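Just below is one structure, and these are the notes that go with it.
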Amino acid sequence: ARAAATTPWARAAATTPPSLAEILARCAPPLPQTTLEEDGETTVETGSSGRPPRPPTPPPGLKRPRDEAPPATEAPDFEAAAAYGGSRPGFVFKTGDKGLGYYKDTVAPPKKKKKKKAVSFKPTEQTVDATATVSRVCDVLAAALRTPAAAAKKGPKALAMLTTIAAMPGGVTDGTAPLYMDALRLFAKNGAIPDGLAAPLGDLVEALGKADRTCFAIDDRVRVATWRLSCKTARVLRETDDTYDFCAQMKRVSRAIAALEPDASDAACERRDAVVHCLRSAWPAYESKKWAKTPVEAAVLACAEKRHVFDENQRRRIDRLTTQVKGRQRGLCKVETETYREAESTFHPVRDVRRKAE
């Protein structure tokens, strides 16, 4: 048998190709699944391959329902342990109400800090049409000054925006300078500055005074310098407690007094009014603070020397201030003496000495 198995005939029989019927039987699909109920029992028949059939394919347009995941079982709050067996995530080894073991950690883990984004301080180039912006802001300011409520609400924001633009490089040009002057003339027409607008108006005038003077006309330059005295300088002299700021503003007033000349124009008259207004604003500090006396006295006496430049009403105010200053200067040189008591007074110590001598 062993010899016959090794013969060529045996090997040829073993390698004989399968017939067509065998190939079809192997490639045939499995039989459909059938359920038979016999005596209350359910049996499942499979195909010829012994594998269960595939589930039916759902029709187009419908999705096959997902298999629901089994509910997650919560970890126990406590696991007893006689000794420490290593760290466990979410548990703490300690002795608690239930004894020694691992207890569930109830303390929330610290939140991770978010990394701050790097801030770039590189300058960015922005092109802004200063003329159009100033024009729109001036229109808003003109509309706000018509009613007190709107002036208190929108006036400070509009003035602050104009101050910011004026302080920027290129904020004051030949095209924007007339717009700034129109905005300032709105306050000159009203006569009195509304409440809450004195400080922002002074900041705007100060920014215009530091800008390029060549952008303004000659009369506008004089008006800006005048409004700078009456709005900014007078407010600082009235409110500041700093010696340096007070003396710096008084130097500005002294330079304005030295530049006064006989002129009957409206701009010159406004400038003289601004000078007198600054002196009156500095007078409370002159009466209460010793360090304010020297610069105020020098400015008042300088105005007295140029008395002929001022008009009649301004001369009366200057004469009144000059009289008070000279009166205080004389009072500093006056020596106070005590009254002499008579010899017959009961409180005189020499009375008893005279009687003893008699």
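A few notes on this one:
- Failed item, numbered, when G202 is tested on (1) buried (at least 16 other Cβ atoms within 10 Å of the Cβ); (2) modelled with pLDDT under 85; (3) over 20 Å from V140 (Cα atoms); (4) among the small types (G, A, S): (3)
- Among (1) more than 24 Å from Q249 (Cα to Cα); (2) modelled with pLDDT under 85, the one test that A192 misses: (1)
- Residue match in segment 179-189 (condition: over 20 Å from the mean Cα position of the chain (by Cα), modelled with pLDDT under 80, of a type outside the set (V, I, T) and exposed (fewer than 10 other Cβ atoms within 10 Å of the Cβ)): yes
- Taken as a whole, the structure places A149 among residues that are at pLDDT below 85 and surrounded by fewer than 17 Cβ atoms within 10 Å (Cβ to Cβ).
- Residue count, segment 272-312 (criterion: assigned to a helix (DSSP H, G or I) and closer than 18 Å to L229 by Cβ): 24
- Candidate set from segment 257-272 (those that are open to solvent by less than 40 Å² (accessible area, probe 1.4 Å) and modelled with pLDDT of 85 or more); member that is nearest to A298 (Cα to Cα): I257
- Leading residue by the ranking (least open to solvent (accessible area, probe 1.4 Å)) among those in segment 308-326 that are under 47 Å from the mean Cα position of the chain (by Cα) and over 12 Å from D273 (Cα atoms): V325
- Screening V253, V222 for residues that are open to solvent by less than 70 Å² (accessible area, probe 1.4 Å) and under 21 Å from R315 (Cα atoms) leaves exactly one candidate, V253.
- Within segment 163-178, tally of residues that are touching a residue at least 24 places away in the same chain (Cβ under 8 Å), under 17 Å from E206 (Cβ atoms), among the hydroxyl-bearing types (S, T, Y) and open to solvent by 20 Å² or more (accessible area, probe 1.4 Å): 1
The values are calculated or read from the model by the stated rules, or taken from the named source; none is laboratory data. Predicted, not measured: the structure shown is a model, and the values here were computed from it. FYI the Cβ positions are ideal-geometry reconstructions off the backbone, even for glycines, and counts take in every protein chain you see. These area figures cover heavy atoms from the full protein model, side chains too; ligands, DNA and RNA do not enter into them. Shrake-Rupley method; radii C 1.70, N 1.55, O 1.52, S 1.80 Å.
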